[in-house]
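The values are calculated or read from the model by the stated rules, or taken from the named source; none is laboratory data. All values reported here derive from a predicted model rather than from experimental measurement. Don't worry about glycine lacking a Cβ; one is built from the backbone with ideal geometry, like all the others, and counts go over all protein chains shown.
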Amino acid sequence: MRTEANERGNFAGARVVSTLMTKPKHLLYGPAMRCALLSLLTFLFLLAGCDEGAPNARRQIREVHVPRVSAIIAEDFTRHRAGIMDAAHRVRRGFLVEDAETRERQMRVALRRIQDPSSPPAQRISTFISSPMSFLAAVDKEGVVIARDADPDHMKGMNFGEDFSIVREALTAGATGVGMAEFQALEEGSPNDFSTIFVAPARHQDEVVGAVVAGIPLWREAQRLSRQLRVELAPEIESGLIVWVYLYKGDRIFHHDTPPDLDEVVPDAAARAAGLAESPGGFTGQIQFYGNWYGYGVVPVPRLGEDVGMIIFRCDAPE
């Protein structure tokens with residue numbers, strides 16, 4: 001993605017980057033040509049007196065969308081922490097079953113039941129019914145997965161205690177925790193998955209007898225954020241507004257159901273690193289894509305993990 005001009009914004013000291021793209025391809029001009037083109041475009045802009053770019057989209061991202069997405073993430077954390085503690089309490093007696101096969105079978109049934117909207121209110125956890133999480137698992141005192149909420153169960157026998165420090169802390173110190181976890185891909189050659197995991201110890205008579213773990217993959221969280229934002233902005237979207245949310249970790253981008261063409265112009269790891277080096281709190285930019293001006297914002301989200309953040313795109317409805 002080639003930078004054509006820079007200007008300062010007020011987004012927590014953010015750097016605002018303007019990028020001109022008529023197709024999802026790089027514009028390969030030399031320095032002299034770029035200067036000439038930029039001078040000409042600036043002259044024509046001043047002559048016409050028009051408002052080029054996406055100033056309103058950038059402003060809405062800074063002032064409205066970033067705070068709202070951050071609030072949704074915080075709400076999800078609060079709800080899932082409470083939910084995982086409730087789940088651990090509800091299934092605590094299941095850890096005491098001596099026969100391994102019976103314990104596994106009963107635990108899987110219990111983990112499914114608390115997510116089933118058809119279960120009686122006393123047996124279900126509302127947070128998990130509308131959650132983007134991909135698994136709910138029970139772990140024994142040694143950190144080994146007894147069962148998860150699916151069959152076939154690819155997690156059975158995995159040692160979460162060895163793999164994830166917050167699971168060890170739940171089992172040894174009785175601490176409830178949240179953290180980022182990397183899971184090996186099931187299919188050979190596929191990239192590993194990253195998930196936010198919520199862990200709570202299960203206690204019986206003040207003794208930790210196991211733990212319950214829930215996981216939300218980053219791609220599902222990105223999908224959840226896009227959907228929630230678009231539901232809240234439904235009237236504007238019906239009038240032509242475009243809004244999408246991506247998440248990143250390191251050089252990876254996570255998303256679902258987003259427009260494939262837009263996926264191709266999401267700021268890459270190098271662009272994000274350069275922007276955040278100048279403005280650690282985040283930066284905004286703009287891009288002309290297929291004739292439409294989009295604003296975008298790149299903002300770290302330390303709550304989700306190290307080198308994790310959000311990228312929000314917005315294209316205003318035509319007037």
message = Can you tell me which residue is surrounded by the fewest Cβ atoms within 10 Å (Cβ to Cβ) among those in segment 260-273 that are touching a strand residue (DSSP E or B) at 6+ places or on another chain (Cβ under 9 Å) and hydrophobic (A, V, I, L, M, F, W, C)?
response = Ala269
message = If the requirement is being out of contact with any helix residue (DSSP H, G or I) (no Cβ under 7 Å at 6 or more places or on another chain) and among the charged types (D, E, K, R), which of these qualifies: Arg168, Arg112, Arg203?
response = Arg112
query = Gly275 is checked against (1) touching a Lys or Arg at 6+ places or on another chain (Cβ under 6 Å); (2) part of a strand (DSSP E or B) and fails just one. What number does that condition carry?
reply = (2)
query = Which number in (1) assigned to a loop (DSSP other than H, G, I, E, B); (2) out of contact with any helix residue (DSSP H, G or I) (no Cβ under 8 Å at 6 or more places or on another chain); (3) closer than 17 Å to Ala57 by Cβ marks the one condition that Thr258 misses?
reply = (2)
ask   = Could we say that Asp257 is in the same structural domain as Val167 (by TED's automatic domain parsing), exposed (fewer than 13 other Cβ atoms within 10 Å of the Cβ) and within 27 Å of Thr127 (Cα to Cα) here?
value = no
ask   = Any idea which of (1) in contact with a helix residue (DSSP H, G or I) (Cβ under 6 Å, 6 or more places away or on another chain); (2) within 19 Å of Phe77 (Cβ to Cβ); (3) acidic (Asp, Glu) is the one Asp251 doesn't satisfy?
value = (2)
note = Of the conditions (1) modelled with pLDDT of 95 or more; (2) over 22 Å from Gln106 (Cα atoms), the single one that Phe183 does not satisfy is (1)
query = If only one of Asp268, Asp316 is among the charged types (D, E, K, R) and over 20 Å from Gln60 (Cβ atoms), which one is it?
reply = Asp268
remark   = Only unsatisfied item for Ala222, checking (1) outside any strand (DSSP E or B); (2) farther than 14 Å from Ser134 by Cα, is (2)
task = May I ask you to list the residues in segment 299-316 that are of a type in the set (A, V, I, L, M) and assigned to a helix (DSSP H, G or I)?
result = Leu304
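Yes/no matrix, rows are residues, columns are (1) free of Cβ contacts under 8 Å to residues at least 40 places away in the same chain; (2) more than 20 Å from Arg108 (Cα to Cα); (3) crowded, with 19+ Cβ neighbours inside 10 Å; (4) over 25 Å from the mean Cα position of the chain (by Cα):
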{"site": "Glu142", "(1), (2), (3), (4)": "yes, no, no, yes"}
{"site": "Ile146", "(1), (2), (3), (4)": "no, no, yes, yes"}
{"site": "Gly157", "(1), (2), (3), (4)": "yes, no, no, yes"}
{"site": "Gly174", "(1), (2), (3), (4)": "yes, yes, no, yes"}
{"site": "Pro191", "(1), (2), (3), (4)": "no, yes, no, no"}
{"site": "Glu207", "(1), (2), (3), (4)": "yes, yes, no, yes"}
{"site": "Leu229", "(1), (2), (3), (4)": "no, yes, yes, no"}
{"site": "Ile237", "(1), (2), (3), (4)": "yes, yes, no, no"}
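Inspect all residues belonging to segment 284-298 and state whether any of them is in a strand (DSSP E or B) and under 25 Å from Glu182 (Cα atoms).
Pass one, segment 284-298, residues in a strand (DSSP E or B): 284-289, 292-298.
Next, from what is left, pick out any that are under 25 Å from Glu182 (Cα atoms): 298.
Yes; the residues of segment 284-298 include at least one that is in a strand (DSSP E or B) and under 25 Å from Glu182 (Cα atoms).
Take Ser195 and decide whether it is under 12 Å from the mean Cα position of the chain (by Cα) and not in a helix (DSSP H, G or I).
Yes: the conditions hold for Ser195.
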